[in-house]
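First the structure, in the form of structure tokens, and then the observations on it.
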Amino acid sequence: MQVAFFCAMTLECRMMEKDTIFTAHEGKPFAFDVDVSRVFEDMIQRSVPGYGLTLQMIAVIAGLYAQKNSKLYDLGCSLGASSLALAHGIKVDGCEIIGVDNSAAMLEKCAVNVAKSPVRVVLCHDDIQDVNIEDASVVVLNFTLQFIPKEERLALLQRIYAGMQQGGVLILSEKVRFADDFEQTQHIALHEAFKKAQGYSDLEVSRKRQSLENVLIPEPISAHHARLQVAGFEKVQTWFQCFNFTSMLAYKK
Ligand code: GEK
């Protein structure tokens, strides 16, 4: 399954509005507002290497781990791409997907996208740190934890672990940083080259970098693994990495 196919399957292959936000930007910190919601689908595909693959594998993982009559959570659901991936992957009966986002603009568009989901999706306009998590077989944090203040991440992961069924799995995808200076510099250069290959200009790349400073806080993969284990997850593995983007699986045994 390629990205285009997956988007066709999930978001019905509408004409995507092109992300030109950083061609004219006044140096404000990044926010998931109405302007971003309009271009988000194009933005995330052209900014996150491997995003389409994470969606494709969220469906595969849901197929393997979604348990009968359980709940699946998509925390930071944006326009609903991961919720729809879950919905298309589930192979058992009685599941409900709960999509949570604190951006009203994103959720409004998400509601339209998930309307035809094969599995019921309940949308919740809330902070992911405040939602109740219960009976969860699969929880998705697809590029969302990076927006939560570092010191609050452990408490969120502990609540997720507590709300999961035995045999459940957390999918955690993140932009990461590297402790080694050479590795960090190379991965940033590779990511920026990827964005330029996707049609972003030098100016757009540098404005977005500034705008995300202190908003998106990446951490090393080792810090994520260690924190997931402190939160209770018995096993953690990295299943995907492309440059400074990665996805992990954390298991509750
Ligand atoms: C996807 N998972 O397409 N509470 C609720 N939502 C939040 C919070 C919070 N505290 N902080 C950020 N968000 C999606 C992509 S995007 C990733 C996720 C990115 C929401 C925010 O409003 C946005 O919709 C989402 O998390 C992050 O698979 O833009 O890099």
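The values are calculated or read from the model by the stated rules, or taken from the named source; none is laboratory data. Predicted model only: the values in this text are computed from it and were never measured. Don't worry about glycine lacking a Cβ; one is built from the backbone with ideal geometry, like all the others, and counts go over all protein chains shown. Ligands, DNA and RNA are stripped out before the accessible areas are found, and what is left, the full protein with its side chains, is counted by its heavy atoms. Shrake-Rupley method; radii C 1.70, N 1.55, O 1.52, S 1.80 Å.
Quick notes on this structure:
- Kirkwood Rh and Cα Rg combined as Rg/Rh, the chain: 0.94
- Largest to smallest principal axis extent of the C-alpha atoms in the stretch 114-251, angstrom: 46, 38, 25
- Two-decimal log10 I(q)/I(0) for the stretch 57-191, as the Debye equation yields it once each C-alpha is a single scatterer, q = 0.16, 0.21 Å⁻¹: -0.79, -1.20
- Between K253 and H125, the contour length at 0.36 nm per residue exceeds the Cα-Cα span by 43.0 nm.
- Taking label points 7 Å from Cα along the Cα-to-Cβ direction, I188 and K28 give a separation of 2.6 nm.
- Accessible-area rank, largest first, for F40, F147: F147, F40, with all protein chains present and a 1.4 angstrom probe.
- With all protein chains in place and a 1.4 Å probe, the accessible surface of the chain carries 53 percent carbon and sulfur.
- Estimated FRET transfer efficiency (S206, D181; beta-carbon r; R0 30 Å; 0.05): 0.90
- Helical content alone sets the calculated 222 nm signal of the chain at -13500 deg cm²/dmol, taking -39,500 (n - 2.57) per DSSP H segment of four or more residues and averaging over every residue.
- Calculated diffusion of the stretch 7-94, Stokes-Einstein form, Kirkwood radius summed over Cα pairs, 25 °C and 0.890 mPa s, µm²/s: 169 µm²/s
- Among the listed pairs K175/K196; K18/K109; K175/K195; K71/K150; K91/K116, those with a Cα-Cα distance over 22 Å are K71/K150.
- Spatially, the stretch 171-195 and the stretch 196-210 are offset by 15 Å when compared through their Cα centroids.
- Net length available on complete extension from K150 to M15 is 45.0 nm, with 0.36 nm assigned per residue and the Cα-Cα distance removed.
- The chain - share of DSSP beta bridges that are antiparallel (%, nearest 5): 40 percent
- Gain upon complete extension [T238, V215; 0.36 nm per residue less C-alpha separation]: 5.9 nm
- Max mean-square fluctuation residue, GNM over the chain, Cα-Cα springs under 10 Å, options N113, N102, N214: N214
- Average accessible surface area per residue within the chain, 1.4 Å rolling probe, Å²: 46 Å²
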